[in-house]
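The structure under discussion appears below in the form of structure tokens.
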Protein chains: 2
Amino acid sequence: MYRTHTCGELRICNVGQKVTLAGWVQKVRSLGGMTFADLRDRYGITQLLLDSPGDLGREYVIQVTGQVVERQSKNPRIPTGDIEIKVDTLKILNKASVPPFTIEEESDGGEDLRAKYRYLDLRRPPLQRALALRHRIGQEVRNYLDAQGFMEIETPYLIKSTPEGARDFVVPSRMNKGQFYALPQSPQTFKQLLMVAGYDRYFQIVRCFRDEDLRADRQPEFTQIDCEMSFVEQEDVLNTFEGMMRTLFKNVLGVDIPNPLPRMSWYDAMDGYGSDKPDIRFGMTIHEITDLVQGFGFGVFDGSQYVGAIAVPGGAEYTRKQIDELTEWVKRPQVGAKGLVYIRLNADGSVKSSVDKFYSPEQLAKVAQRCGAEKGDIVLALCGPKRKTQTQLGVLRLEMGNRLGLRNPGVFAPLWIVDFPLLEWDDETQRFYAMHHPFTAPKPEHEKWFYSDSKEDLEKVCANAYDFVLNGTELGGGSIRIHDADMQSRMFQVLGISKEDAQLKFGFIINAFKYGAPPHGGLAFGFDRVCALFGGQETIRDYIAFPKNNQGRDVMIDSPSEIDPVQLEELQIDIRKE
Amino acid sequence: MYRTHTCGELRICNVGQKVTLAGWVQKVRSLGGMTFADLRDRYGITQLLLDSPGDLGREYVIQVTGQVVERQSKNPRIPTGDIEIKVDTLKILNKASVPPFTIEEESDGGEDLRAKYRYLDLRRPPLQRALALRHRIGQEVRNYLDAQGFMEIETPYLIKSTPEGARDFVVPSRMNKGQFYALPQSPQTFKQLLMVAGYDRYFQIVRCFRDEDLRADRQPEFTQIDCEMSFVEQEDVLNTFEGMMRTLFKNVLGVDIPNPLPRMSWYDAMDGYGSDKPDIRFGMTIHEITDLVQGFGFGVFDGSQYVGAIAVPGGAEYTRKQIDELTEWVKRPQVGAKGLVYIRLNADGSVKSSVDKFYSPEQLAKVAQRCGAEKGDIVLALCGPKRKTQTQLGVLRLEMGNRLGLRNPGVFAPLWIVDFPLLEWDDETQRFYAMHHPFTAPKPEHEKWFYSDSKEDLEKVCANAYDFVLNGTELGGGSIRIHDADMQSRMFQVLGISKEDAQLKFGFIINAFKYGAPPHGGLAFGFDRVCALFGGQETIRDYIAFPKNNQGRDVMIDSPSEIDPVQLEELQIDIRKE
């Protein structure tokens, strides 16, 4: 061993001991004829007292032996700040070229440069903390689920391409020419098979792959905490994983979350927050005001299916310019509203609105009251098709929450969203799609509608599906699955999938279900996102050791890349010419 | 929840309780007007007492409610054997088609059929035990390494193809046309980068991929326990992972292994066992007898570089026919010996040999003595080039160990093999190859030879490399890595890799090492094999939930398979015509 202690370990009680440390030189400075150096490793930083600076450079790897002495000027900001090492012998274990950016809490390197030298960026304390947090969460998840009788079972990565869902990454098979494996988008099929196989409680922290055009903060490979249970109803699944999240919050962050967690129906979430992943750290909920504003001659409202509004605290002070800016903001394509109506509740009790000429102050006051607005607030209203307008109000609500500093990443407000609609009607293709996936079961009490031929009935069917939402982000979700062959046939029928097509696409799992599938259900959490939110960050990139960029490239290793013609020959494939 | 208890839980103390169980019907039998059924789940089997057999079929999924009663005829072979459930209500949760083979401890299904219906084979208790063992070992590994300060860090699966080593599986990139990712053969590069990045102690239980022609008991995807440590010497690595294996043996199997574990040099292993993964559960070691048998006119021995022998206990009783069969056995191409010489030490003290006419009884007795043979034993000798002959003797030794029942899978004899040669000379290409990999460091005390230009010197260089061997199987191995740029250059020079080529193939890691690589080393264990050997099995297939067959196919999901022309179009690749 190259050391007796780590660089984060020595304290005042170690004074007088002879120790050997090893690590990286973070900084060297001369002061009044003495030379100080900061020696860094994963565990911390220890100050060295040297006879001379020698030829030490930044990021040199060294080994020093010396005596622990009490510092003259202590540094209370670091745990080793009371001591330093009076170095007797110093050995350079490895020299280092000057790194292309500073390796400290904050770096001076740009994003691209740090991505290229990811192994140096990973030396920075924020990234070390991020990966340490990730390790800790993984351990806690495994220990909790193990204690609950779950077995971690590895499912294959070389599986079969299925035409449903997102795009697969495929892997040409050399031994089976012209054929391909696919990388799993999730172990969904396999975990359901494990329930058929009687494993009762399965989990896996597992990589998943989706060849999608990358939006911000999506990765082509990502990690799930994937779980499934047999002989359970929705209540059992929610309780089990609420327990897991409660344990994580407590053991990892020391945070107590409510017991039980709040639950909100999908309908209430859409109506009140304009989102199926509401951020409930703050109020400012959406209120429908259609009934209060139609029939007074304001054509825009009169011609809309829905009018809704939020009350922004303190907003009465917004200037004309600020309101114009907000109006432009909601009209951007990312939000897509046609315009913005406001009702300002001045401190003096007067009301001012952009639609004064259509409504009396009393009528406007009624709207304000419905929204819970008080003196000094502003009511912002949008109109249009119901769900679309609610979504726009939801986006506006989050923006106002951000502007008002109501979205503190150190505050955690988790909840379950339940009672999702089972089916979504698509006007374009004139058919239903499964909102979750085609194996999700309708709620038993809605089965009468599920077997009805009326579109209206089918739209009313709710699923035993649920999402775990934290601070406006969906961290996980799942459902109780269909375990009955007849119900599964009905589902395919509703989705307009013919028997032949169902057999082709899902025949293998349908077949497996004939041999005694137990009632089962489960869910999956996005592990990368759980880690990021626990770390108080919105982006997952720093919680993944070696992420890819928005073009799906790993710029550090320069991948993907061209391969040897011999490899193409062996695989019997050609790259198409332009 | 569909149940109050599992099928493995109820005992005599539960008699009188009203319970609800759910599971699979394993067996129904009528006896004296009563109907009994065995209800099975992952946790066990509970006997049900029913009014009538109804229409229950094998593998039906049912839920029953009833009272726990004491059995009239108890079954001491199962933990629930004292009780049964007097069923009040029975609900069929799911019917089941008749399974294609019996789902019991031993199945009547052939291997292919069971592979196709893997989800049914997985219901069988031996496979349930195998996967439960695997889960337990994984948990113990993680808890041990976590306690030792290791962090589990996930490395990417979509990486870059490198032309060295085994064949890569590649993944065409849609967003980067004509370019490919590769699936990792191991996270070797990334774990070394994590050491450069200062993570100090890394591990990962991780899938690896090799597109090799599959030999028996190889899988195209397999799992490693992959580990790396910084600021360590070989001794530190061995102690850490010896501790891990000791903990596994103790916590999983309740077995104490020696402390410290035996260590054997690669040279002693080859000389004494003809293998770098010796099975030391039994003796019967190989002894060189060249000096005792040359110069007496027996041309076959006189013309050989090496003559070696083993003494087989009790072998003096072998008949002529048995010895002929053994001779044919060693001449099979899988062993490849030219012939077999024996010396029989009869119980009456006389000596009988196939080479009697060249050697006196005294000379033969000397050979027998060297081999440790006693009266009643037989000495079996082979000759030829040294290492080749030792390997043949090693194979013969294992065969005789098998025949004599000396290889009990319930006995565990782990050891470390150390002091591997750094380099292997290949006569065909007239160059050295790295025995482990090109990043393995020579032993510090052998550096003088490493920098020598003489082939003889270079052949003497040992590596700080080590294998963990259990019962004749290599479970893991690793090395101390080169962390010095100059030494790495020398290594490439010795391997005949030009600077340009080294830069092309390894440039990225060589570059990373310029920024302050710490001394580091590590190892990887084959997780599938660790599980199999802990389970007392030789083959890994039952310790993998969904394995592939020898053609790399998953016959259950029928993968690999053809993909949609649209997918090929998107990837801009074509399958070559015949």
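The values are calculated or read from the model by the stated rules, or taken from the named source; none is laboratory data. As the structure is a computational prediction, the values presented were derived from the model and not from experiment. Here Cβ is always computed from backbone atoms with ideal geometry, including for glycine, and neighbour counts include all displayed protein chains. All accessible areas refer to the heavy atoms of the entire protein, side chains included, with ligands and DNA or RNA removed. Shrake-Rupley method; radii C 1.70, N 1.55, O 1.52, S 1.80 Å.
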Cut-off under 16 Å on the C-alpha distance; same-chain residues fewer than 8 positions from A:Lys448 excluded. Which lysines are left, in chain and number order? A:Lys460
Could you give the nm distance between label points at B:Asp453 and A:Ser30, where each point is 7 Å from its Cα heading toward the beta carbon? 4.4
Quick one: divide the alpha-carbon radius of gyration of region B:39-87 by 2.2 N^0.38 Å and tell me what you get. 1.15
Residue range of chain B that is longest and free of trypsin sites (Lys or Arg not before Pro) which are both DSSP loop and sparsely packed (at most 10 other C-beta within 10 Å): B:358-576
Diffusion coefficient in µm²/s returned for region B:12-94 by Stokes-Einstein, Kirkwood Rh over C-alpha pairs, 10 °C and 1.306 mPa s, is 126
Per the Kirkwood treatment, what hydrodynamic radius in Å, one decimal, follows for region A:282-403 from the mean inverse distance over all distinct Cα pairs? 14.1
Please report the projected area of the protein assembly as shown's Cα convex hull averaged over all directions, in nm². 59.7
Ratio of alpha-carbon Rg to the 2.2 N^0.38 Å globular estimate for region A:188-322, to two decimals, please. 1.57
Antiparallel bridges, percent of DSSP beta bridges restricted to region B:413-518 (to nearest 5): 100
Kindly give the distances from A:Ser454 to its copy-mates, label point to label point, with each label point 7 Å from Cα along Cα→Cβ, as nm values to one decimal ordered shortest first. 9.8
Taking only C-alpha pairs under 8 Å that are 6+ residues apart, what is the relative contact order of chain A in percent? 13
Which residue, chosen from A:Thr189, A:Gln572, A:His5, occupies the Cα position most advanced towards the positive end of the dipole of chain A, where the dipole is computed from +1 (Lys, Arg) and -1 (Asp, Glu) charges on Cβ about the Cα centre? A:His5
7 Å along Cα→Cβ, label-point gaps from A:Lys375 to other copies, nm, shortest first: 11.8
Net charge around B:Thr389, counting only other residues with Cβ within less than 13 Å of its Cβ (Lys, Arg = +1; Asp, Glu = -1)? +3
With the convex hull built on the Cα atoms of region A:113-226, state its orientation-averaged projected area in nm². 10.2
Between region A:202-235 and region B:458-481, the Cα center-to-center distance that results, in Å: 38
In whole angstrom, note down how far apart the Cα centers of region A:512-543 and region B:83-112 are. 32
Below 11 angstrom from the Cβ of B:Lys74, what's the summed charge of the other residues (Lys, Arg +1; Asp, Glu -1)? -1
Here the gain from full extension of B:Asp88 to B:Lys321, 0.36 nm per residue of separation minus their alpha-carbon distance, amounts to 77.1 nm
Among all lysine pairs in region B:282-403 that are eight or more places apart or on different chains, how many have alpha carbons less than 18 angstrom apart? 10
Distance histogram for region A:413-518 (every C-alpha pair counted, 10 angstrom bins, percent rounded to whole numbers): 14, 43, 32, 10, 1
Centre separation in Å (Cα based) which lies between region A:266-287 and region B:289-321: 87
Set the Förster distance to 51 Å, then compute FRET efficiency between B:Lys388 and B:Asp558 from the Cβ-Cβ distance, nearest 0.05. 0.75
Rounded to a whole number, what % of the accessible area of region A:12-94 do carbon and sulfur atoms account for, probe 1.4 Å? 49
So which lysines pass the test for A:Lys116, namely a Cα distance under 28 Å, with those fewer than 8 places away in the same chain ruled out? A:Lys27, A:Lys95, A:Lys548, B:Lys160, B:Lys177, B:Lys191, B:Lys499, B:Lys505, B:Lys514
In nm, spacing of pseudo-spin labels at B:Arg281 and A:Gln72 (7 Å Cα→C-beta vector): 6.8
Determine the sum of side-chain charges near A:Asp467: Lys and Arg each +1, Asp and Glu each -1, restricted to other residues whose C-beta is under 14 angstrom from that of A:Asp467. -3
The relative contact order of region A:413-518, taking Cα pairs under 8 Å that sit 6 or more residues apart, comes to a percentage of 27
What value in Å³ per residue do you get for the convex hull of the alpha-carbon atoms in chain A? 240
Which value, in Å³ per residue, describes the convex hull spanned by the Cα atoms of region A:445-577? 244
Restricting to region A:124-258, what percent of DSSP beta bridges are antiparallel, rounded to 5? 85
The B/A contact buries a total accessible area, at probe radius 1.4 Å and rounded to the nearest 100 Å², of 11600
